[in-house]
Amino acid sequence: MPKAAVDKDGEKIVKKPKAKKDPNAPKRAMSAFMFYSMAERDNVKTTNPDLSFGEIGKQLGEQWRGLSAEQKKPYEQEAEDDKVRAAREKAAYEKDGTAAPPRKKKGE
DNA sequence: ATGATGATTGTTCGC
DNA sequence: GCGAACAATCATCAT
């Protein structure tokens, strides 16, 4: 898959809260995983109330991939719906007139 | 038109 | 309250 320099094997990508640069912050939508977490988190925790967040997250992710496309369907569907929601707010964001400065990447 | 990048989404848990 | 792994995403920009 033609992708950019995605994460590597043991290379841990640093993640931070990233300060929103856009004024209205048109934010995005949530991924199917987000919905999956909301839904399965309960199930996972119920099945493994002994493990902590770290493990739960991992277990969740593992089985998530193990799910069949059909299983993810409902989640993807919600994600799809949320996508519209994000697009909607973004539209409002542009409409608001608070145009965010075009982001550049190279020269600056 | 295509690729690359970045920003974001939500959960849980601990302190 | 926040951060951090977990995964997807996908909109936007630049070339």
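Please treat every number below as a calculation from the coordinates, not as lab data. Since we're looking at a predicted model, the values are computed, not measured. Every residue, glycine as well, gets a Cβ built from its backbone with ideal geometry; the counts of neighbours run over all protein chains shown.
Only residues that are under 30 Å from A:Gln71 (Cα atoms), more than 11 Å from DNA strand C (Cβ to nearest atom) and assigned to a loop (DSSP other than H, G, I, E, B) were counted across the range A:19-42, and they come to 0.
Within the range A:36-72, take every residue that is in contact with a helix residue (DSSP H, G or I) (Cβ under 9 Å, 6 or more places away or on another chain) and among the basic types (Lys, Arg) and give me the one that is surrounded by the most Cβ atoms within 10 Å (Cβ to Cβ). So the residue we want is A:Lys72.
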